[in-house]
Amino acid sequence: MEDTLNHDEPGRTPDGAPKKRRRPSAAALGELAPLLGLLLISTLFLVLTEGRIFGPINLRSLTNQELITALVAAGAVFVFGAGAFDMSMSGSLCLTAIIGAKVAMATGSIAAMVVACVAVSLLIGIVKGLLAAYVEVPFFIVTIVIGVFLGALGLLAMGKETVLTISALPRIRDMTPINLGSLASVFLGGLVLFNLTSLGKSCKLVGGNERAARQSGIDVRRTKLLAFLVSALTVSIAAIVILLRTKTASALTGGTVGTDIMVALVLGGMPLSGGPRSRIGAALVGAATITVLNSGLAIMGAGPGVIQGFRGITFIAVVFVASLSYRTRLLPR
Amino acid sequence: MKKAACAIALIATVAGMSAFGQAKYAADGRYPAKTIKIGVETFDPSDGGYMGVQSYLKSLSKGIFNVEFIFSERIDSAEQELQFIENCAAAGAKGIIAYYNVSKGQAVAKAAELKMFYWGTAEEKDIYDQYKANPYFLGSVILGNGDHDGMYGVTKALLAEGKTKFVYANGGADFGITMFVNRRLGFQDAINEAKAKGARITATEVPGFPNEAWFAAQGAALAGDIDAVVSSFGPEVWIQPITAAGKARAVTIGSFGAIGPSTVDLFKGMYASGLFSAIATEPTERFGIAVAMIVNAAEGNAAALKKNGEATREAESLWVITNPQDLAKIVDFELGAGRTAYSKDLTKLVKSIDPSAGNATLLDLIKGFSLETIRAKK
Amino acid sequence: MGSRLGKFARCLAGTLALPALAYCFFAVLCSASGKAGFGVGSDLAIIWRNTVYSGLISLALSFNLTSGRFDFSVGSILILSVILGVDAALALGLGPVPMLLACLATGAILGGLSGLAYVLLRLPPIVVSIGVAMIYEAAAFLMNGGSGVSVIMHPDLPIFARQPTITILAAAIVALLVLLLNFTKFGYNTNSLRGGQATAVNIGIDEKRNALACYAIAGLLLAAAGVISLSILGTMAPKLSLGSSSYMMNAFLPLFLGGFLARYSDRNVGIIAGSFVQACIISGFAILGLSVSLQSVLNTLIVLAFLLFTSNSYKLEEFRMMKAKRLAAIAAREKTV
Amino acid sequence: MAGSADGARELLFAAKGMRKSFGPVRALYDVDLSIYRGEITGLIGENGSGKSTLSSIIAGMLRPDSGEMSLLGRSHAPATMTEGARLGVGMVVQEMGTVPGIGVAENIFLGEEGRFRRFGLIGRKRMIEAAREALRAIGSDIESAAPIDGLDMQDRKLVELAKVMYGDPSLLIVDETTTALSHHGREMLYAVMRRMALEGKAVLFISHDLPELFALCDTLTVLRDGEYVATTPKDEMSERRIKHLMVGRQTGDHYYRGDFDGRFGEEVVLRASEVTTGTGLLENFSLALHRGEILGIGGLSHCGMHELGRALFGEERLMTGTVQHVATGRAVSSPIAAMGLGIGYVSKNRDVEALVLAASIKDNIAAAALDRIASPSGLIWPRGEKAYVEAQIKALDIKCASMHQGVQYLSGGNKQKVVFGKWIGRGCDILVLDCPTRGIDVGVKAAMYDLMYRMKREGRSIVLISEELTELIGMSDRLLVLKDGHLAGEFPRGQGLTETAIIETMI
């Protein structure tokens, strides 16, 4: 039985999926589906909101709204790309913002706030990275639990305060330079780091097949740890932007960013199991799609229930199209 | 100097708009002819009190004002609040009614920047002082410190009934939500006042919102020797447990609550079964005033209602209902014939409809929904 | 007969050891810190009520999570099935038990639909369930204009939180599950699909039908938990923005404890025992008066510690085996030299 | 042994003109096979001779390209193994076929639990009882109520045998199962096979172990390179004759090295001393690899040679002993350390351990050289990466649409070239190859052998682990044979070296 069965010729691929030559159109559809999704939704709401969604006022606010999800999602591409599943982004962002706000209120200096945000976020990133890389544990469930843990720590850090307002910071008249600056720097940095450095390539390979990556001389543990540090960096940038823009932090900061980035990455066409098909662009396209969707629905004034129902249906539709190119015989787990 | 110059310029443009301000009604008799969009911001769309406001505003938009509301989804963080305001601007809204505010002055500044009239958060003195001159800040009708006074009034009513052993459901106080922290302060002030007068009062807290831990805390509290429950987020989740614990007569409930179609017969039933002592409820009519003020401001006549050019900051106390009679009167005012009459009066605030509209009209309307006025009605 | 009795006694002891330990630990801790009332009289009733409530949610999770399928729509099914079921019951003037059956049927249908979406779209369960949760939450909110459902005016309906009905309900459901998992083809298929998905499918086991059944059973269990919550509070309010996923938070510890205790009896009984442990922890914290944030910090640490223990316990065995091999090799070397 | 006295042998199963090929590789070509009632028919042949393909077709695991089969007089073409079993053909294979996480009884009745249903409920007790019976039937005392995970490899194989026997097959196929069994287990299997014959049924027995075959089989059929060679009756069976039939290589295709000059450098480049691995049977094993040497390692598949390969690359946890890179004196402790010392490794199960299937050819080849192709600034510019990969594609003549094509869509041969490209690109001077040419078409095999020879002449060293004796004899300067984790024999390269001599030590 030894040689014939292990043939890789036409017949069975290792995971039992019937291997059919992938028609180029299916591959192309898979790659372009996210952009198609974004285009579709943009035109849909262009019509429904009689062009108001892309009017001068709203265009700038669209970038504001997309920013936080895009920043955190960009860092998450490294973590999900390396095959680790992180559901604790809300908790991480919340704790980072609270500590940053406390430091800003105590010292009144933006520099101190920035340092505090980066330090706390990197610390959280290291803890998660070590757990993912060195400890044998169902990491998926652990991140949910860690998310709750970090949120609770944030609450404890708040103490009696309910909302921290940083009056010391000067009111920044126009946030756009900061928004665009941070968005551009994170994405350019992300593109270079993910596509042109050994870290990025290692993330994709580890996500694709961890054993094969280890046998190609890639330090799997170091890759996972670094992926979490990059993600922590973008979380700290997001926290800083939030504090600069709103001057407030509370136990509810970062509210739904945990699920928003997952929705964004999936709408951006990135498989949540990671691997070579991970793209930094998925974070940008996905965040844009979800923002246009939310903004469009809000502008139509459809009321909270209808908005969320519509978002659920659109989400499943776009995800189905994005994953058309990857069908397995066994139900995915 | 710079501030004053830009204020004058704004008033000029706004005044210019009102040059042709004679009253124009839409086909169906609602005012004004062109639909005005108003954004309504809340922290939790399924909150009982907010749903009462929502149904009141919808009734206004059917009969009286040609307005369309953009109701927000759940808003946790300052980020989401600013995003909602930006979306309303994009939708062409003329005004924002803030049922909830987390980013304090940022929200007012953002609305003004996007040329929308902001109604709300005047109770926070520092924000009010900072923006009272801004033409886009309409201020608000404040219920004093509504949250604090509501719980304070309810606890006082229970103390007056001789209650001494309290359980307090603090809702979101431990989660740092300002509204619930103020409500807890109101409760504690009333209790401490009674203790200062020598009364022996015990008070245990049930933290958070219903989940397994809450069931345990509620059960432990109800098992103890208690005679009163004060809830900061609605009485519904206490009625069944108290009856189940066999303490229907012994323990009475004081709570925040919303007078609405789905809760009226519930409250009447509770009074009948001796379960209820006091309900603190925020009159939804102040949001009717808000709609009228925004419609008026959208036509450039905001200044007419202002006292020496400053945004409105009038206080009126919220309703603390302590007996079935008051409840019946309030219900008639809130839901029955009283509502249609009051809604009609609101149009007096719109200068184009009633040229004599002024600060006095505003004060009369505010007085119009005070508990004393309602009680005085037959 | 002797050995079977002995075996039964050993299994019983194994299952009850951990719960008894947790109960005594908190009883001692509470009385030591001067807070009376833990685990006696009404507090015991509360502990048992929470045990059944969290246990049912954990049982629902166990049918999918153990086969690698994470389900976000757990909370939203719980809420929507009760709202729809009770609305129907009130409209038709049904009694408590028909209401319960209406809710259970609705829950099974909603769970089945969620499973159908997973099977037809063939997407990873976590992704599909986010979409399904959003839709179910929105539907629950849009029913009755967002005010959810209330049975306060119908005191005859919410009878499922008090003794003996809660115990009967729990016993019936656990018995049904034990039966399903250990004595039906569905049960055997579920276990074989979990362990060897490829081998089982090759043998001809229909994975799609099995997945659908798991989702439907999970939906039914969630509806049962929902009815208990309704019976405790008298109302069921909708939640939005995936707020319903908070219902899952207390289900992980019972699930993992259940997996650990399954060796003494069966996974379902193990989960109920695990849920009793958690209920003791929750009541203990409540009586000790810990703040909400401190409680969630401690709860998460307990779950993390247990996860670390279970997923690394095989290493001890492996270490022992390796050591034996090393000694054998060295011994072999001495012999040849 | 129960051939009826008067020679009237009744035909139970017949196969005529069986053909099967996997892409360019021809596995079966016009093979006929007849199996008679009451007889144990032996089947033997080298790796790649097609014996497993034939047995899989009969059992229903594979579909033939062409050819007719008949069983018990009826035409036989099972689509799946379940259908094959229903038609009366049971098969026990080498790989693990049991499902973890459930019990022994559940494994035996996997998919057929309905058999024990009484008024809707499946009686577990009755199933356990029936399972105990099935196990008794094959002479095993394994506890049928126990969980399967508690059993070692051997007992799990016996559970599989019990499952097949419970189906009461009229034809039992045993495909190299004995290698997974210890002596006690084998005795049980032999007893079952003998009883099948006594009961007038039949057994098709595939094995490498000649003494075993001689003891049990009534006839022994030999296959070579997918073609039928001969069938020898019991009395004519001798090792010499069978081995000759197995090997009788026409002198035609000698795509191995032409020379017989087995010399290599004096300097030792890699040394393993007293190595015992965590998994597998390898114990206290030592070897020295010299510069410019092709060191062949042969043996049956469970002899520990695969664990040795991983140990030499630092991917196997060592219980005792060390693997040392002699020139630097450093220990080969991990794949990263090994690669730093210029060691490359081609794993046996290529799609699981050597390639990231979802990634492109470029990503896979560049994966092993991320440090090499990075510019001084640490960035990997596409230009440099493409040039590096292009060189490998050209050097190894990888047939592909473009370097961005996904590896999963390449043929087996081209995939193996990509794996080689990973290590050749890095310029490794020590290469550990584990069954590098398995399941690869002849053309690519020739290119691989040519490459190995060229590397030897360039002074690089190669460890060639293989289950194909002809390949080992054809390519290695020195050949070590392993048996049950220990060295069983050493053969220098030489004209006179024949497979028969090697098989002697291997089995």
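What follows draws every value from the coordinates through simple rules; no lab data is involved. Here the structure is a predicted model, which is why all the values come from computation and not from measurement. Using ideal geometry, Cβ is built from the backbone for each residue, glycine included, and neighbour counts are taken over all protein chains shown.
Within the same chain, lysines fewer than 8 places from D:Lys125 are excluded, and of the rest, those with a Cα less than 18 Å from its Cα are C:Lys7, C:Lys185, D:Lys163. Between D:Arg115 and D:Val352, residue separation times 0.36 nm minus the direct Cα-Cα distance comes to 81.6 nm.
Can you tell me what share of the DSSP beta bridges in chain D is antiparallel? A percent to the nearest 5 is fine.
Values: 44 of 78 bridges.
In chain D, DSSP labels about 55 percent of beta bridges as antiparallel.
Against chain A, whose longest principal axis is taken from its Cα atoms, helix A:56-81 shows a tilt of about 50°. What FRET efficiency comes out for C:Tyr314 versus C:Ala198 if R0 is 25 angstrom and r is the Cβ-Cβ distance? Round to the nearest 0.05. Efficiency computed from Cβ-Cβ geometry: 0.65. Within chain C, helices built from complete DSSP H runs that reach 15 Å or longer along their own axis (Cα positions) and carry a mean Kyte-Doolittle hydropathy of 1.6 or higher are C:74-92, C:96-121, C:125-142, C:165-183. A simple spin-label model places the labels of A:Glu50 and B:Lys268 4.4 nm from each other, with each point 7 Å out along Cα-to-Cβ. Run the helix sum for chain D: -39,500 (n - 2.57) per DSSP H stretch of 4+ residues, divided by residue count, reported at 222 nm to the nearest 500 deg cm²/dmol. Mean residue ellipticity at 222 nm (helix-derived): -9500 deg cm²/dmol. Take each peptide in A:138-146, B:127-135, count the other Cβ atoms within 10 Å of every residue, and average; sorted highest first, the result is A:138-146, B:127-135. The stretch between B:Asp354 and B:Glu161, if pulled fully straight at 0.36 nm per residue, gains 64.8 nm over its current Cα-Cα span.
In this rough spin-label picture, where each label sits 7 Å from Cα along the Cβ direction, the A:Ala317-A:Leu40 distance is 0.6 nm. Prolate is the label for the protein assembly as shown, because the ratio a/c of its alpha-carbon gyration tensor axes (a ≥ b ≥ c) is 1.5 or higher and a/b is greater than b/c. Whole Å is fine, so just give me how far the alpha carbon centre of the stretch D:448-485 lies from that of the stretch C:228-307. If we compute the Cα centre of each part, the gap is 60 Å.
Please find the FRET efficiency linking C:Lys35 to B:Asp189, where r is the Cβ-Cβ separation and R0 is fixed at 25 Å, and quote it to the nearest 0.05.
Values: r = 27 Å, r/R0 = 1.08.
The value I calculate is 0.40.
Normalising the average separation of contacting C-alpha pairs (under 8 angstrom, six or more residues apart) by the number of residues puts the relative contact order of chain D at 15 percent. Inter-part distance, the stretch C:8-30 to the stretch D:140-198, computed on C-alpha centroids, equals 43 Å. Legend: calculated FRET efficiency, C:Ala175 to A:Lys160, from the Cβ-Cβ distance at R0 = 51 Å, rounded to 0.05, equals 0.55. Count Lys and Arg as plus one, Asp and Glu as minus one, and take only other residues whose Cβ is under 14 Å from that of A:Met113; the net charge is then +3.
Averaged over the residues of peptide A:260-272, the number of Cβ atoms from other protein chains lying within 10 Å of each residue's Cβ is 2.
Between the stretch A:94-148 and the stretch A:218-290, the C-alpha centres lie 14 angstrom from each other. Over every Cα atom in chain A, the radius of gyration and the widest Cα-Cα span, Dmax, amount to 21.1, 75 Å.
With an 8 Å cut-off on Cα pairs and a minimum separation of 6 or more residues, tell me the relative contact order of the stretch B:221-378 in percent. Write down the numbers at each step before the final one.
Working: 185 pairs, mean separation 33.6, N = 158.
This gives 21 percent for the stretch B:221-378.
Strictly over 20 Å apart at the Cα level, which of B:Lys58/B:Lys268; B:Lys163/B:Lys197; B:Lys24/B:Lys344; D:Lys348/D:Lys415 would you flag in this model? The answer is B:Lys58/B:Lys268.
Between helix B:337-346 and chain B there is an angle of about 30 degrees, using the helix long axis and the longest principal axis of the Cα atoms. For the stretch D:104-209, relative contact order (Cα pairs under 8 Å, six or more residues apart, normalised by length) works out to 26 percent.
Note on C:323-330: average number of Cβ atoms from other chains within 10 Å of each residue's Cβ is 5.
Each label was represented as a point 7 Å from its Cα along the Cα-to-Cβ direction; for D:Ser402 and C:Arg333 these points are 5.6 nm apart.
Applied to the stretch B:82-92, the Karplus parametrisation 6.51 cos²θ - 1.76 cosθ + 1.60 on θ = phi - 60° returns per-residue 3J(HN,Hα) values of 5, 4, 5, 4, 4, 5, 4, 4, 4, 7, x Hz, with x for Gly and Pro.
When chain B is treated as a GNM with alpha-carbon contacts under 10 Å, the residue of B:Ile226, B:Ile70, B:Ile201 showing the greatest mean-square fluctuation is B:Ile201. Relative to the dominant Cα principal axis of chain D, helix D:124-137 is inclined by about 90°.
Rg(Cα) of the stretch C:2-289 divided by 2.2 N^0.38 Å? Before the final figure, lay out each step's value.
Values: Rg = 19.3 Å, N = 288, 2.2 N^0.38 = 18.9 Å.
That works out to 1.02 for the stretch C:2-289.
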